[in-house]
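Below is one structure; the comments refer to it alone.
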Amino acid sequence: MVAYDTAQALLTATLHDLLPERVESLAPLQACGHVLAEGVQARTPRPDADISAMDGYAFRVGEMEQAGALGLPVQGYVAAGTRPEPLAPGVACEILTGARIPQGADAVVARERTARVGDHIALAEGVGARTGMNIRWAGEEFAAGQCLLEPGTVLDWRHVPLLLDQGRTAVQVYSPLRVSVLANGAEFACQAEDGRTELNTHMLEAMLRSATVQITRQTSASDSADELEQALRHCVEQADVVVTTGGISVGQTDHVLPVLQRMGATCLFRRVSMRPGKPMTVMKLGRTVVFCLPGNPGAAALCAQLFVVPFLVALSGRAPAMQASIPVMGISQFAYRSLPDATCFLPVSAEWDGEQARFSLVPSVGASDIQCLTRAGGIMRVDAGHAVQVGDRVGMLAFSGLGL
Ligand SMILES: Nc1nc2c(c(=O)[nH]1)N[C@H]1C(S)=C(S)[C@@H](COP(=O)(O)OP(=O)(O)OC[C@H]3O[C@@H](n4cnc5c(N)ncnc54)[C@H](O)[C@@H]3O)O[C@H]1N2
Ligand code: MOO
């Protein structure tokens, strides 16, 4: 049996072992939907040169002003993809959108705002010229060395042009997580004398699914340890993380832990001094982490929120660390005394009174309660041996899924 904080610390250490191995290199297009494992700094500024924003004429403002209605002779033509000669003194050159500004020119006027005077070009009546007009200066979008993308960014179509602009043919990303969820219990067999509806794997899939997590669900609907082993082997083969529910207490059909042990799994922690969720156990089989959640749906939900969600968010690369302990702060509307030897987790609802959150205890009949989950907004932690009084400032861990 370990303390709740010890269990979380053991998971964090495991996470740091596993994270570096999950990095792969993909082309920007293939990397969409993956989580970025590196920070991306600009290698080149954008634009990488002074560029014309219009089809028109480039010139020196001073010379154009002096030329007035006579205009400047047109010499040369610059299109995108060419490197122009410097602009000769006293002339304008024709330029297209996206072309480099010839050295010496300091403004561009759009074609439709000019007047032809023989082979000269002048500003149309009422059009003024100012330095920098219609020029996209080198680095005006970003400079070389600037941070463009943070690690942990979930890549999508918006990031593709940015990466390609920077000449990136590959980026470091985290592989999508494969998670297998396994329920067990003979009560879920169709032919069971007193059959029950299997709830937990559906609840867990709804909680854990996201763009960066692939989930498979299974049920071993029997009391046979051998059948359970077969199902577990199948899960471990196809997943980075396995989540089991039920079968971890001390009943004669609670085979999950002995079966995992005979498969060669080692124990990260076995039982946590918390309520509910006391039987919560985490095993490791090779590189696969196996979360063994209690079967009671309320306890399974709470343990998944406290242990599995933050672990998967962090293992998918989306957060620098496990964020299980960032609560929303507010005022308790109720008094509660914890157990002397266990951290208690309570379902609470939150109300905003215009200034602060106020938390109320949601009545629950215990760890099998699924209705209380729908009335609660999150979980309040009360440490072993502590009491909460009405009016105390306390934190609530808001229920969360895996999001994107
Ligand atoms: N002698 C003891 N008995 C129990 C202890 C104990 O310390 N000593 N702990 C109790 C606690 S706390 C819990 S929680 C449960 C956990 O037991 P299991 O994880 O082995 O869960 P099961 O026995 O398989 O199931 C318990 C309960 O939940 C229902 N269940 C299970 N899986 C699902 C599912 N996928 N969908 C819906 N409902 C599910 C199952 O039908 C049972 O009603 O043990 C206590 N006992
Ligand atoms: O600890 Mo159990 O998970 O209360 O029901």
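The values are calculated or read from the model by the stated rules, or taken from the named source; none is laboratory data. Here the structure is a predicted model, which means the values were calculated and not measured. No Cβ is skipped: glycine too gets one built from the backbone with ideal geometry, and neighbour counts run over all protein chains shown. Ligands, DNA and RNA are excluded from the accessible area calculation, which covers all protein heavy atoms including side chains. Shrake-Rupley method; radii C 1.70, N 1.55, O 1.52, S 1.80 Å.
Right, C303: farther than 18 Å from S222 by Cα, modelled with pLDDT of 95 or more, open to solvent by 10 Å² or more (accessible area, probe 1.4 Å) and of a type in the set (A, V, I, L, M, F, W, C) or not?
Here the answer is no, as C303 does not meet what is asked.
In region 253-348, which helices (runs of 4 or more DSSP H) lie fully inside it and hold 2 or more residues that are touching a residue at least 60 places away in the same chain (Cβ under 8 Å)?
Numbers: elements: 256-262, 297-303, 309-315.
Because the criterion is at least 2 residues that are touching a residue at least 60 places away in the same chain (Cβ under 8 Å), the helices (runs of 4 or more DSSP H) in region 253-348 that meet it are 297-303, 309-315.
If I filter region 323-337 for residues that are more than 18 Å from V382 (Cβ to Cβ) and either open to solvent by 40 Å² or more (accessible area, probe 1.4 Å) or within 16 Å of ligand 1 (Cβ to nearest atom) (or both), do I get at least one hit?
In the first step, residues of region 323-337 are kept if they are more than 18 Å from V382 (Cβ to Cβ); the result is 323.
Those left that are additionally either open to solvent by 40 Å² or more (accessible area, probe 1.4 Å) or within 16 Å of ligand 1 (Cβ to nearest atom) (or both): 323.
Yes, region 323-337 contains at least one residue that is more than 18 Å from V382 (Cβ to Cβ) and either open to solvent by 40 Å² or more (accessible area, probe 1.4 Å) or within 16 Å of ligand 1 (Cβ to nearest atom) (or both).
Given A105, A9, A49, which one is without any contact (Cβ under 8 Å) to a residue 60 or more places away in the chain and assigned to a loop (DSSP other than H, G, I, E, B)? It would help to see each step written out before you state the result.
Values: A9 fails: assigned to a loop (DSSP other than H, G, I, E, B); A49 fails: without any contact (Cβ under 8 Å) to a residue 60 or more places away in the chain.
Going through A105, A9, A49 in turn, the sole match is A105.
Could you tell me which residue of region 114-128 is nearest to G71 (Cα to Cα), considering only residues that are of a type outside the set (G, A, S) and within 53 Å of the chain's Cα centre (by Cα)?
L123
Name the single residue that is most open to solvent (accessible area, probe 1.4 Å) among those in region 1-18 being closer than 22 Å to M380 by Cβ and touching a Phe, Trp or Tyr at 6+ places or on another chain (Cβ under 8 Å).
For region 1-18, the residue satisfying everything is T6.
State all residues of region 273-300 that are more than 9 Å from ligand 2 (Cβ to nearest atom) and open to solvent by less than 10 Å² (accessible area, probe 1.4 Å); if no residue qualifies, say none.
Listed by number, the residues that qualify are T281, V282, M283, V289, V290, F291, C292.
Residue-wise test of (1) buried (at least 17 other Cβ atoms within 10 Å of the Cβ); (2) at pLDDT below 95; (3) assigned to a helix (DSSP H, G or I).
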position: E140; (1), (2), (3): no, no, no
position: V160; (1), (2), (3): no, no, yes
position: V173; (1), (2), (3): yes, no, no
position: Q191; (1), (2), (3): no, yes, no
position: D226; (1), (2), (3): no, no, yes
position: H234; (1), (2), (3): no, no, yes
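Among the residues of region 22-35, is there at least one that is within 30 Å of P151 (Cβ to Cβ) and free of Cβ contacts under 8 Å to residues at least 60 places away in the same chain?
Yes, some residue in region 22-35 is within 30 Å of P151 (Cβ to Cβ) and free of Cβ contacts under 8 Å to residues at least 60 places away in the same chain.
Assess whether M263 counts as being crowded, with 18+ Cβ neighbours inside 10 Å and either of a type in the set (D, E, K, R) or more than 9 Å from ligand 2 (Cβ to nearest atom) (or both).
Taking the combined requirement at face value, the residue does not satisfy it.
Being at positive phi and open to solvent by less than 50 Å² (accessible area, probe 1.4 Å) is the filter here; which residues of region 124-133 pass it?
Once the filter is applied, which keeps residues that are at positive phi and open to solvent by less than 50 Å² (accessible area, probe 1.4 Å), region 124-133 yields only G132.
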